[in-house]
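Visitor: I have a structure here, written as structure tokens, and I will follow up with some questions on it.
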Amino acid sequence: MRLEDFALDEPGNGQVAVEVKFAAINPIDWKLRNGLMKIITGKAFPRAMGMDFSGTVISVGTGVTRFRPGDAVFGMARLKQGGAFGSAVVTNEAFLALKPDEVSFENAACLVTPGVTAWNGLVDKARLASGQHVFVNGCLGAVGETTVQVARLLGATVSGSCSAGGMPRARALGLRNVYDYRTTDLTRLGERFDVVYDTAATMPTAVGLGLLGENGVFLDLNPTPAKFVRSMVSRKFKVVLCSARAEILDRVARAASKGSLRLPVGAIVPLSEAVRLIGELEAGRKIEGKGLIAVG
């Protein structure tokens with residue numbers, strides 16, 4: 001990883017150029033850098049890093065109707081191009097939402113990938129309905145905590161697993177039952193769930209499927225070619241890929257504006273220190289919240 005100067009492209013049809021204020025770090029960033037997603041992004045390196053950001057619109061391309069220069073926005077970079085870890089980025093109009101006045105630029109940047117991934121799983125894949133019961137494995141990770149909040153917004157009851165030290169915070173989020181993942185044998189739980197979402201990407205498929213009720217769905221965040229094939233033919237097993245669209249980001253914005261969706265900030269560093277923090281998070285450093293890069 002290194003910093004380099006670059007010339008920002010002009011936004012094309014349906015695209016928006018944004019001056020970045022804050023960018024959020026996600027595991028997808030080092031997965032992309034390590035070439036684990038090259039089946040989607042291509043094999044060309046070096047490449048720009050960074051997916052989630054907040055900032056101010058600089059200019060818009062032809063056909064853009066939802067934004068204009070000066071708008072405060074948050075959203076996601078294009079997967080193949082990246083570039084949120086920089087002073088400015090060009091992305092698709094559909095990958096942006098207006099930032100509510102009630103939400104800071106820091107907090108808005110935190111919500112993008114977690115919010116979209118939670119929605120992709122719960123709504124797009126599992127068709128979650130009010131009154132259903134969701135189990136979130138890793139309920140205090142960024143995606144896990146967001147999934148808990150989104151599920152409750154949709155009227156579901158939520159249980160989940162986390163570390164023993166995090167159980168009080170998990171209960172404060174409104175979980176019905178919280179289990180210590182180190183000491184609990186999930187195969188022995190008496191409860192059955194309508195949705196099991198493995199947001200920690202650590203649950204064996206057999207365990208997740210075993211926790212389901214008759215019409216339940218197990219959501220897997222750790223895709224492999226074999227899992228994609230299984231997902232296409234199975235009603236109970238679905239692979240989730242983060243796929244942003246305007247409808248989801250607008251829903252995230254509304255929930256955040258009402259205080260119903262929020263993630264803690266664990267660390268903020270300037271762009272000059274971004275390489276260090278990304279490396280530390282990749283190596284397993286825990287910061288009790290999202291890692292942010294202050295750019296603008």
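The values are calculated or read from the model by the stated rules, or taken from the named source; none is laboratory data. Given the structure is predicted, the values throughout are model-derived calculations rather than measurements. Positions of Cβ are generated from backbone atoms using ideal geometry, with glycine treated the same way; all protein chains shown enter the neighbour counts.
Visitor: Give the number of residues within region 149-165 that are among the aliphatic types (A, V, I, L, M) and surrounded by 19 or more Cβ atoms within 10 Å (Cβ to Cβ).
Guide: Initial filter on region 149-165 (among the aliphatic types (A, V, I, L, M)): 150-151, 153-154, 156, 158, 164.
Pick out the ones that are also surrounded by 19 or more Cβ atoms within 10 Å (Cβ to Cβ) and you get 150-151, 156, 158.
Residues in region 149-165 being among the aliphatic types (A, V, I, L, M) and surrounded by 19 or more Cβ atoms within 10 Å (Cβ to Cβ): 4 in total.
Visitor: Somewhere in region 63-74, is a residue among the aromatic types (Phe, Trp, Tyr), part of a strand (DSSP E or B) and buried (at least 18 other Cβ atoms within 10 Å of the Cβ)?
Guide: From region 63-74, those among the aromatic types (Phe, Trp, Tyr) are 67, 74; that's our starting set.
Keeping just the survivors that are part of a strand (DSSP E or B) gives 74.
Checking the rest, the ones that are also buried (at least 18 other Cβ atoms within 10 Å of the Cβ) come to 74.
Yes, region 63-74 has at least one match.
Visitor: Against the definition (in contact (Cβ under 8 Å) with a residue 24 or more places away in the chain and over 17 Å from the mean Cα position of the chain (by Cα)), how does Arg68 come out, yes or no?
Guide: On the way: in contact (Cβ under 8 Å) with a residue 24 or more places away in the chain: no; over 17 Å from the mean Cα position of the chain (by Cα): yes.
When the stated conditions are applied, Arg68 does not pass them.
Visitor: Follow-up question, since we're still on this one. Can you name the residue in region 166-221 that is more than 23 Å from Cys242 (Cβ to Cβ) and of a type in the set (Asp, Glu) and, of all such residues, is surrounded by the most Cβ atoms within 10 Å (Cβ to Cβ)?
Guide: Asp180
Visitor: Output yes when any residue across region 42-52 is in contact with a strand residue (DSSP E or B) (Cβ under 6 Å, 6 or more places away or on another chain), farther than 24 Å from Asn13 by Cβ and surrounded by 20 or more Cβ atoms within 10 Å (Cβ to Cβ), and no when none is.
Guide: Residues of region 42-52 in contact with a strand residue (DSSP E or B) (Cβ under 6 Å, 6 or more places away or on another chain): 50-52.
Narrowing further to those that are farther than 24 Å from Asn13 by Cβ: none.
No, region 42-52 contains no residue that is in contact with a strand residue (DSSP E or B) (Cβ under 6 Å, 6 or more places away or on another chain), farther than 24 Å from Asn13 by Cβ and surrounded by 20 or more Cβ atoms within 10 Å (Cβ to Cβ).
Visitor: Please enumerate the residues belonging to region 194-220 that are assigned to a loop (DSSP other than H, G, I, E, B), farther than 20 Å from Arg152 by Cα and not hydroxyl-bearing (Ser, Thr, Tyr). Working first, answer last.
Guide: So in region 194-220, the residues assigned to a loop (DSSP other than H, G, I, E, B) come out as 199-204, 211.
Filter once more, so that each one left must be farther than 20 Å from Arg152 by Cα: 201-204.
Hits for region 194-220 are Ala201, Met203, Pro204.
Visitor: Could you please let me know if Glu4 is more than 21 Å from the chain's Cα centre (by Cα), within 21 Å of Leu271 (Cβ to Cβ) and either modelled with pLDDT of 95 or more or surrounded by fewer than 16 Cβ atoms within 10 Å (Cβ to Cβ) (or both)? Before the answer, list the steps.
Guide: Numbers: more than 21 Å from the chain's Cα centre (by Cα): yes; within 21 Å of Leu271 (Cβ to Cβ): yes; either modelled with pLDDT of 95 or more or surrounded by fewer than 16 Cβ atoms within 10 Å (Cβ to Cβ) (or both): yes.
In short, yes.
Visitor: Provide a single number: the residues in region 87-113 that are over 16 Å from Gly259 (Cα atoms) and in a helix (DSSP H, G or I).
Guide: 4
Visitor: Quick one: in region 154-193, of everything that is small (Gly, Ala, Ser) and in a strand (DSSP E or B), which residue is farthest from Gly216 (Cα to Cα)?
Guide: Taking the candidates together, the pick is Ser161.
Visitor: For residues that are assigned to a loop (DSSP other than H, G, I, E, B) and touching a Lys or Arg at 6+ places or on another chain (Cβ under 9 Å), scanning just region 9-43, find the one that is nearest to Gly291 (Cα to Cα). So that I can check it myself, show each step before the final result.
Guide: Within region 9-43, the first condition is being assigned to a loop (DSSP other than H, G, I, E, B), and the residues that meet it are 9-14, 25-26, 34-37, 42-43.
Pick out the ones that are also touching a Lys or Arg at 6+ places or on another chain (Cβ under 9 Å) and you get 25-26, 35, 37, 42.
Working: Ile25: 5, Asn26: 8, Gly35: 22, Met37: 22, Gly42: 27 Å.
Checking each candidate, the answer is Ile25.
Visitor: Is there any pair with a first residue in region 169-198 that is β-branched (Val, Ile, Thr) and a second that is surrounded by 14 or more Cβ atoms within 10 Å (Cβ to Cβ) and assigned to a loop (DSSP other than H, G, I, E, B) whose Cβ atoms are under 8 Å apart and which are 6 or more apart or on different chains, and what are they?
Guide: Val178/Cys139; Val195/Ala126; Val195/Leu128; Val195/Gln132; Val195/Ala156; Val196/Met203; Val196/Leu211
Visitor: Look through region 234-279, keep the residues that are under 15 Å from the mean Cα position of the chain (by Cα) and assigned to a strand (DSSP E or B), and return whichever of them is nearest to Val195 (Cα to Cα).
Guide: Checked region 234-279; the qualifying residue nearest to Val195 (Cα to Cα) is Val239.
Visitor: If you don't mind, another one. Taking region 269-290 as the search range and keeping residues that are within 18 Å of Pro114 (Cα to Cα) and either at pLDDT 95 or above or of a type outside the set (Val, Ile, Thr) (or both), which one is surrounded by the most Cβ atoms within 10 Å (Cβ to Cβ)?
Guide: Let us first name the residues in region 269-290 that are within 18 Å of Pro114 (Cα to Cα), namely 278, 281-282, 286-290.
Now restrict to residues that are either at pLDDT 95 or above or of a type outside the set (Val, Ile, Thr) (or both): 278, 281-282, 286, 288-290.
On the way: Ile278: 21, Leu281: 20, Glu282: 16, Lys286: 9, Glu288: 12, Gly289: 15, Lys290: 26.
Among those that are within 18 Å of Pro114 (Cα to Cα) and either at pLDDT 95 or above or of a type outside the set (Val, Ile, Thr) (or both), it is Lys290.
Visitor: Among the candidates Ile28, Ile39, single out the residue that is modelled with pLDDT under 95 and either crowded, with 18+ Cβ neighbours inside 10 Å or not assigned by TED's automatic domain parsing to the domain that holds Ile287 (or both).
Guide: Details: Ile39 fails: either crowded, with 18+ Cβ neighbours inside 10 Å or not assigned by TED's automatic domain parsing to the domain that holds Ile287 (or both).
On inspection, the qualifying residue turns out to be Ile28.
Visitor: Then there's this: Taking the residues in region 114-134 that are among the charged types (D, E, K, R) and in a helix (DSSP H, G or I) as candidates, determine which candidate is surrounded by the fewest Cβ atoms within 10 Å (Cβ to Cβ). Before the answer, list the steps.
Guide: Going residue by residue through region 114-134, those that are among the charged types (D, E, K, R) are 124-125, 127.
Subsequent filtering for residues that are in a helix (DSSP H, G or I) retains 124-125.
On the way: Asp124: 15, Lys125: 21.
The qualifying residue surrounded by the fewest Cβ atoms within 10 Å (Cβ to Cβ) is Asp124.
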